[in-house]
1. Could you check how many residues of region 29-47 are over 24 Å from Gly84 (Cα atoms) and not small (Gly, Ala, Ser)?
2. Hey, can you tell me all the residues within region 123-167 that are without any contact (Cβ under 8 Å) to a residue 12 or more places away in the chain and either in contact with a Gly (Cβ under 7 Å, 6 or more places away or on another chain) or not in a helix (DSSP H, G or I) (or both)?
3. Among the residues of region 11-21, is there at least one that is surrounded by fewer than 17 Cβ atoms within 10 Å (Cβ to Cβ), within 20 Å of the chain's Cα centre (by Cα), assigned to a helix (DSSP H, G or I) and touching a residue at least 12 places away in the same chain (Cβ under 8 Å)?
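We did not get these values from a lab; they are worked out from the coordinates using the rules stated. Because the structure is predicted, anything quoted here is derived from the model rather than measured. Note that we place each Cβ from the backbone using ideal geometry, even for glycine, and neighbour counts take in every protein chain shown.
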Amino acid sequence: LDAAMRSARAILRMTQLGLGTRDILTDAAIRNAMVVHAAFGGSTNLLLHIPAIAHAAALKRPTAEDWAAINRQVPRLVDALPNGPMGFATVQVFLAGAVPEAMLHLRSAGLLDTSVLTVTGETLDENLDWWQQSERRTILRDRLRTLDGVEADDVIMPPDKARARGLTATVCFP
């Protein structure tokens, strides 16, 4: 219910503020998506979709060099199937906090442009502040611990812990 209410408020606020897609979908937002992809060790499908989205929005299309640079700079933070070492299931990544949780670590590392506007009409920074304090985050993390005996910080890790566990980038361009 909390997420549904935030979505409804976001649509209303965007309308009231006169915000549209071009206000949200920016070069910085595209770069943020690439950073999150690297932190997740994400699917190579995004290597096709992000440039296509950028092209359709008349934004700078990421090149292979852009992807390589980001994947060298951004630590992989998420231990999810099919990449190990433990290979947690998607539902466990969701319960650990998913994208907002990874973004908290990326924000702390200074790897995101948190000044970008989001569909809530607020900046990414404001949304991450909300997430960090949200009851939803606490409930999901508790559910992961109760149901699976897994700590959220073992699924989505701070950079130092991820490095110690041997997580490395999953995308490279020879």
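1. Qualifying residue count, region 29-47: 2.
2. Selection gives Thr123, Gly149, Glu151.
3. Yes, there is a match, as at least one residue in region 11-21 is surrounded by fewer than 17 Cβ atoms within 10 Å (Cβ to Cβ), within 20 Å of the chain's Cα centre (by Cα), assigned to a helix (DSSP H, G or I) and touching a residue at least 12 places away in the same chain (Cβ under 8 Å).
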